[in-house]
Amino acid sequence: MPESKSRKKTAYTPPPEPAAPKANPSWWAPTMLTLMIAGLVWVVVTYIWQSGGPIPGIGSWNLAIGFALMMVGFVMTMRWR
């Protein structure tokens, strides 16, 4: 009986090691905390001044600005290393 052709097997090469995550710049954590605190202060001032808040002419949009500042700070926490 004829012998079948043998297949050449390639040597196993493991996948390359993933690169270590880069550290954040030194300004990242202070900026993140400042945005969260500034947003909180903005919302508190808006409630104390009853929607006459930091920018009097925009009414309840002051709450949106405060919450947006806090959300940007919280989103920055997801990228913090």
Only one of 43, 75 is assigned to a helix (DSSP H, G or I), touching a helix residue (DSSP H, G or I) at 6+ places or on another chain (Cβ under 6 Å), among the β-branched types (Val, Ile, Thr) and at pLDDT 90 or above; which? 43
Quickly run through the stretch 29-56 and pick out the residues that are over 30 Å from residue 81 (Cβ atoms) and open to solvent by 80 Å² or more (accessible area, probe 1.4 Å). 47, 48, 49, 50, 56
Among the numbered criteria (1) out of contact with any Phe, Trp or Tyr (no Cβ under 9 Å at 6 or more places or on another chain); (2) at pLDDT below 90, which one does residue 53 miss? (1)
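The values are calculated or read from the model by the stated rules, or taken from the named source; none is laboratory data. Only a predicted model underlies this, so the values are computations on that prediction, with no experimental measurement involved. Note: ideal-geometry Cβ built from the backbone for every residue, glycine included; neighbour counts use all protein chains shown. Heavy atoms of the whole protein, side chains included, go into the accessibility calculation; ligands, DNA and RNA do not. Shrake-Rupley method; radii C 1.70, N 1.55, O 1.52, S 1.80 Å.
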